[in-house]
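In what follows, a structure is listed as structure tokens, so that the remarks can point back to it.
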Amino acid sequence: MAHTISRRRFIRNTSLGAVGLSFGPGLLRSWAQERKTLKLLQWSHFVPSYDAWFKQYCQSWGERYNVNVVVDHISLSDLKSTFAAEVVAGQGHDLVEFIAPPSDFEPSVLDLTDINQEARKRFGEQVAVATKSSFNPFTKKFYGFCHGWTIDPGDYRKSLWEKVGMPEGPRTWAELLTNGSRILKEQGVQVGIGLSQELDSNMACRALLWSFDSSIQDINENVVLDNPKTVEAVKYMTDLYKQALTPEIFSWNPASNNQLLLAGKASYILNSISAYRSAQKDVPEIAKDVFFTPALKGPNGTAWASEHVIYVSVIPKFAREPDLAKQFLLDLCTNYDQAIWASKLYNTPAFFQTKVPGGDRGYPGLAGAATLRDQFNTWFSNDPFALTGETVGKLKPLQGAEQWSTNVGHPGPASPAIGEIFGTFVIPNMFATVAQGRQNPEEAVKLAAAQCRRIFDKWREQKLVGGKG
């Protein structure tokens, strides 16, 4: 990675904020006197340079606090089941990071209202998508703490879209269908949107649903999925499959759309910039042809992106070092300029007003940057990781993405019921059964809505979800 940071410079420049501010100086002295261990469990990042930086960061943080920091990285597919097993056993890690709202674990984790309030005091307001992905308004509980998220634009091949008269790529779902099908017919390259039981399909189907002015729930947590607009969205997806997709999408995993783009076989995918970063490394000729669009507009101009990665950390009730875990999260936000850089701009801050620490941070583009918002805009205007000869400003469409990015429970919260619906793939299954001809749109929507109502009723009985049905 260009402009690497030496370990000595890292330790010198790392600003850990007001140490002990939230939890008192007595606790800090106890950390210094007795060397403790903080155990972290998280997924393996899509941008490998981030994990390398994070390991260094944890080591330096541990040296400052006299703490052994143990980080266990596991595959994303194993994360939820691993934590569920720890909950049953009543022992395991002190801090667990998910990339989708782990709201269904609310009964098993600590209420993190204290550090969420402290973070707002230190760093300013949190972006709405982060708050809605970590707070249950019915129980008034922060089941998690969100330090960052990842923008999900459309990634398109400019050369392919230029040939159908759209060099700026599609701006609406209708254009994706009309011209995506033309590209497949005339150039032999398909659209890369999945209909499988995996993360990206879950996100794409929600973005489509919302952009057609429908949703699983309303703002008051009542199930509203069974309506004509959902049927319209399902019919659209069936048309998109028949005209611009191929059967392989029904068995995709989270990496499949990235792989299709890198292989030169996708004209458009819904994903973060990680696919683009991979292309820069492995297939630069593809990377130079990848550009980005904001969320696509539906029939009435509504445009929403369902966020692909939301960094929500939880502290289980069995954690042995909950206060250390809280301090770790606050300090990570203080140093989020480094997290953005180490992830090659993949990580987006949940607190844009965080002040950028002074001194030589070991990377360019900070002159005059007072906050992470300034830094973010500077780097997205002129990507410091762009290849030689790449078009300047390719990431500009991502500026202001929080205005068209939302949580998986939109327009309501990411409640435990929404978490279970997400985890059991109710929505992509609804779309897939119709696209495969196994159900008609109206039938599929009614069955999915009934399944959602059963899930909501179950969590309502546990007093964790609002609404009336």
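Please go through segment 128-141 and pick out each residue that is buried (at least 20 other Cβ atoms within 10 Å of the Cβ) and not in a loop (DSSP other than H, G, I, E, B).
129, 130, 135, 136
Can you spot a residue in segment 339-352 that is without any contact (Cβ under 8 Å) to a residue 40 or more places away in the chain and within 30 Å of residue 174 (Cα to Cα)?
No, there is no match, as no residue in segment 339-352 is without any contact (Cβ under 8 Å) to a residue 40 or more places away in the chain and within 30 Å of residue 174 (Cα to Cα).
Within segment 77-115, track down each residue that is β-branched (Val, Ile, Thr), more than 20 Å from residue 415 (Cβ to Cβ) and touching a residue at least 24 places away in the same chain (Cβ under 8 Å).
Those that are β-branched (Val, Ile, Thr), more than 20 Å from residue 415 (Cβ to Cβ) and touching a residue at least 24 places away in the same chain (Cβ under 8 Å): 82, 115.
Listed here are the residues, each with its yes/no results for (1) over 25 Å from residue 236 (Cβ atoms); (2) among the hydrophobic types (A, V, I, L, M, F, W, C).
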{"site": "413", "(1), (2)": "yes, no"}
{"site": "417", "(1), (2)": "yes, yes"}
{"site": "421", "(1), (2)": "no, yes"}
{"site": "433", "(1), (2)": "no, no"}
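With the requirement that a residue be buried (at least 24 other Cβ atoms within 10 Å of the Cβ) and either within 21 Å of the chain's Cα centre (by Cα) or not in a helix (DSSP H, G or I) (or both), what does segment 310-325 give you?
Residues satisfying the conditions are 310, 311, 312, 313, 314, 315.
Quickly run through segment 414-438 and pick out the residues that are open to solvent by 10 Å² or more (accessible area, probe 1.4 Å), assigned to a loop (DSSP other than H, G, I, E, B) and closer than 29 Å to residue 219 by Cβ.
Of everything in segment 414-438, those that are open to solvent by 10 Å² or more (accessible area, probe 1.4 Å), assigned to a loop (DSSP other than H, G, I, E, B) and closer than 29 Å to residue 219 by Cβ turn out to be 424, 425.
Within segment 292-301, identify whether any single residue is basic (Lys, Arg), touching a residue at least 24 places away in the same chain (Cβ under 8 Å), more than 21 Å from residue 340 (Cα to Cα) and not in a strand (DSSP E or B), and answer yes or no.
Restricting attention to segment 292-301, the residues satisfying the condition of being basic (Lys, Arg) are 297.
Now restrict to residues that are touching a residue at least 24 places away in the same chain (Cβ under 8 Å): 297.
This time we only want the ones that are more than 21 Å from residue 340 (Cα to Cα), so: 297.
From what is left, the residues that are not in a strand (DSSP E or B) are none.
No, that holds for no residue.
What single numbered condition from (1) at pLDDT below 65; (2) surrounded by 13 or more Cβ atoms within 10 Å (Cβ to Cβ); (3) over 28 Å from residue 256 (Cα atoms); (4) touching a Ser or Thr at 6+ places or on another chain (Cβ under 9 Å) fails to hold for residue 7?
That leaves (2) as the condition not met.
Within segment 45-61, work out how many residues are open to solvent by less than 70 Å² (accessible area, probe 1.4 Å) and either within 20 Å of residue 254 (Cα to Cα) or without any contact (Cβ under 8 Å) to a residue 60 or more places away in the chain (or both). Walk me through it before giving the result.
Taking segment 45-61 and keeping what is open to solvent by less than 70 Å² (accessible area, probe 1.4 Å), we get 45, 47, 49-54, 56-58, 60-61.
Then keep just the ones that are either within 20 Å of residue 254 (Cα to Cα) or without any contact (Cβ under 8 Å) to a residue 60 or more places away in the chain (or both); that gives 45, 47, 49-51, 56, 58, 60.
Residues meeting the conditions: 8.
Among the listed residues 390, 443, identify the single one that is of a type in the set (D, E, K, R), in a helix (DSSP H, G or I) and farther than 28 Å from residue 120 by Cα.
After ruling out the rest, the residue left standing is 443.
Looking at (1) surrounded by 20 or more Cβ atoms within 10 Å (Cβ to Cβ); (2) under 19 Å from the mean Cα position of the chain (by Cα); (3) closer than 27 Å to residue 79 by Cβ; (4) not β-branched (Val, Ile, Thr), can you tell me which one residue 296 breaks?
Only one criterion in (1) surrounded by 20 or more Cβ atoms within 10 Å (Cβ to Cβ); (2) under 19 Å from the mean Cα position of the chain (by Cα); (3) closer than 27 Å to residue 79 by Cβ; (4) not β-branched (Val, Ile, Thr) is unmet by residue 296, namely (3).
Filter segment 455-469 down to the residues that are assigned to a loop (DSSP other than H, G, I, E, B) and either open to solvent by less than 10 Å² (accessible area, probe 1.4 Å) or of a type in the set (A, V, I, L, M) (or both) and list them by number. Quick ask: steps written out before the conclusion?
Initially, segment 455-469 is screened for residues assigned to a loop (DSSP other than H, G, I, E, B), giving 462-469.
Correct list: 464, 465, 466.
Among the numbered conditions (1) touching a residue at least 60 places away in the same chain (Cβ under 8 Å); (2) farther than 26 Å from residue 234 by Cα; (3) touching a helix residue (DSSP H, G or I) at 6+ places or on another chain (Cβ under 6 Å); (4) open to solvent by 10 Å² or more (accessible area, probe 1.4 Å), tell me where residue 395 comes up short.
So the condition that residue 395 fails would be (4).
Within segment 199-267, which helices (runs of 4 or more DSSP H) (wholly inside it) include 2 or more residues that are without any contact (Cβ under 8 Å) to a residue 24 or more places away in the chain and either surrounded by fewer than 24 Cβ atoms within 10 Å (Cβ to Cβ) or within 23 Å of the chain's Cα centre (by Cα) (or both)?
228-244, 256-262
Which of (1) assigned to a helix (DSSP H, G or I); (2) at pLDDT 95 or above; (3) out of contact with any strand residue (DSSP E or B) (no Cβ under 7 Å at 6 or more places or on another chain); (4) surrounded by 22 or more Cβ atoms within 10 Å (Cβ to Cβ) does residue 452 not meet, given it meets every other one?
So residue 452 meets the others, but not (3).
If a residue must be in contact (Cβ under 8 Å) with a residue 60 or more places away in the chain and farther than 15 Å from residue 238 by Cα, how many such residues does segment 176-188 contain?
Residues that pass the stated criteria total 3.
So which residues in segment 94-127 are open to solvent by 10 Å² or more (accessible area, probe 1.4 Å), in a helix (DSSP H, G or I) and modelled with pLDDT under 95?
Matches in segment 94-127: 104, 105, 107.
Residue 387 passes all but one of (1) at pLDDT 95 or above; (2) touching a strand residue (DSSP E or B) at 6+ places or on another chain (Cβ under 8 Å); which number fails?
Result: residue 387 fails condition (2) only.
Looking only at segment 65-97, which residues are under 17 Å from residue 322 (Cβ atoms) and out of contact with any Leu (no Cβ under 6 Å at 6 or more places or on another chain)?
If the condition is that a residue be under 17 Å from residue 322 (Cβ atoms) and out of contact with any Leu (no Cβ under 6 Å at 6 or more places or on another chain), then 65, 68, 70, 83, 86, 87, 90, 91, 92, 97 are the ones that fit.
All but one of (1) closer than 26 Å to residue 465 by Cβ; (2) in contact (Cβ under 8 Å) with a residue 40 or more places away in the chain hold for residue 140; which doesn't?
(2)
The values are calculated or read from the model by the stated rules, or taken from the named source; none is laboratory data. Just so we're clear, the structure is a prediction, and the values are computed from it rather than from any experiment. All Cβ positions, glycine included, derive from the backbone under ideal geometry; neighbour counts span all protein chains shown. Accessible surface is based on the protein model in full, side chains and every heavy atom, while ligands, DNA and RNA are left aside. Shrake-Rupley method; radii C 1.70, N 1.55, O 1.52, S 1.80 Å.
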